[in-house]
Amino acid sequence: MSATTSAHRTLKRATVLCTLGLLVSFLLCPAGAEMTNVQNPGPTVAGDAPVEVPPLATDLSPRFKRNDVKKALRKVADWQLEKAKSDFNKDWTYAALYAGFMAVPPGVAGTRYQDAMLEMGKSFAWQLGPRIGHADDEAIGQTYMQLYLEHHDPAIMAPTRQGFETVMRMPDNPEKPLWWWCDALFMAPPVLAELAKATGDRRYLTFLDHEWSITAAKCISIRHNPEKGADLFPGLEEQHEQDDHHIGAPARDRRARDIGHCAKRHVEERCERRRRRASPGRSPPAARGRRAG
């Protein structure tokens, strides 16, 4: 075999190996993965669980007394803060944790947890998550707004306000509500309420009510008549009590249906109370027993 032939075969073999290597790299690290990560960012850490369940704390009391509750709150919050602070991020999983820290009363540990949240917000330059209009990435705004109401620093509120101004200009999608999953009702509406409180601008409450009613219309059947629900949700058409009154919940899901019927009954009872108050000269209704179910 000539040296030229051997070199040619070696070069061909190397070309094949390089091509295979490139194919493998594209399969393992597709170009689209970077875009996917940008559009659907995930936290570095969303939580963890011990391999083995540790023993229960022996220095806490089950008594529902002020000092006992304070001690338990402080013990849990201190552990959570120390465990999580190195992994703080803007994901909804951590936003729920931040809301918990903000809710700890000052009598438990002074402003320790609120101060930690202030440092967290500064580290993110008070920015919401990257997905515009996605409640998962807006939940952190609850903590930002509570800190703004305490410190009155315009830099704290500005990104959150700008983000929601953008969302409020987005047209409704008739096929999919803005808040189409139940967690969204915890994450986004409180931020709008705090924005209204901080600015005095009722547009935030109007938008909150509008989007909430769209979600409610998908979740419960409203009997559209003057006495049943129309005054609470004006302009909404009657919804069929089928799969679509729970977004994504099949009709066979009894728990979802029960929740929907309970909410519907609550709306109807509120309407009935309004009607009675609006009717002069009526004697007060007799006391009703607790309903079964």
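The values are calculated or read from the model by the stated rules, or taken from the named source; none is laboratory data. Worth saying up front: this structure is predicted, and the values here are computed from it rather than measured. When we count neighbours, we look across all protein chains shown, and the Cβ atoms used for this are built from the backbone with ideal geometry, even at glycine.
For segment 181-190, check the following and say yes or no: at least one residue is more than 24 Å from Asp87 (Cα to Cα) and surrounded by 19 or more Cβ atoms within 10 Å (Cβ to Cβ). Checking segment 181-190: at least one residue is more than 24 Å from Asp87 (Cα to Cα) and surrounded by 19 or more Cβ atoms within 10 Å (Cβ to Cβ). The set of residues in segment 149-180 being touching a residue at least 40 places away in the same chain (Cβ under 8 Å) and assigned to a loop (DSSP other than H, G, I, E, B) consists of Asp172, Pro177, Leu178, Trp179, Trp180.
One line per residue, one yes/no per condition, for (1) among the hydrophobic types (A, V, I, L, M, F, W, C); (2) under 15 Å from Thr215 (Cα atoms); (3) touching a helix residue (DSSP H, G or I) at 6+ places or on another chain (Cβ under 8 Å):
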{"site": "Ala135", "(1), (2), (3)": "yes, yes, yes"}
{"site": "Tyr148", "(1), (2), (3)": "no, no, yes"}
{"site": "Glu165", "(1), (2), (3)": "no, no, no"}
{"site": "Met168", "(1), (2), (3)": "yes, no, yes"}
{"site": "Lys176", "(1), (2), (3)": "no, yes, no"}
{"site": "Ala184", "(1), (2), (3)": "yes, yes, yes"}
{"site": "Met187", "(1), (2), (3)": "yes, yes, yes"}
{"site": "Gly200", "(1), (2), (3)": "no, no, no"}
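Going by what's in this entry, would Pro130 be described as loosely packed, with under 13 Cβ neighbours inside 10 Å, assigned by TED's automatic domain parsing to the domain that holds His210 and within 17 Å of the chain's Cα centre (by Cα)? The answer is yes for Pro130.
Quick check: anything in segment 139-147 crowded, with 21+ Cβ neighbours inside 10 Å, touching a Phe, Trp or Tyr at 6+ places or on another chain (Cβ under 8 Å) and closer than 30 Å to Lys65 by Cβ? The answer is yes; a qualifying residue exists. His151 meets all of the listed conditions (1) at pLDDT 95 or above; (2) within 21 Å of the chain's Cα centre (by Cα) but one, namely (2). Of everything in segment 179-237 that is of a type in the set (Asp, Glu) and within 18 Å of the chain's Cα centre (by Cα), the residue that is modelled with the highest pLDDT is Glu194.
State which residue is farthest from Ala188 (Cα to Cα) when the search covers only segment 91-148 and only residues that are polar (S, T, N, Q) and part of a loop (DSSP other than H, G, I, E, B). Full working, then the answer.
Step one: list which residues in segment 91-148 are polar (S, T, N, Q), which gives 93, 111, 114, 123, 127, 142-143, 146.
With part of a loop (DSSP other than H, G, I, E, B) added as a condition, the list becomes 111, 127.
Details: Thr111: 25, Gln127: 15 Å.
Here the residue is Thr111.
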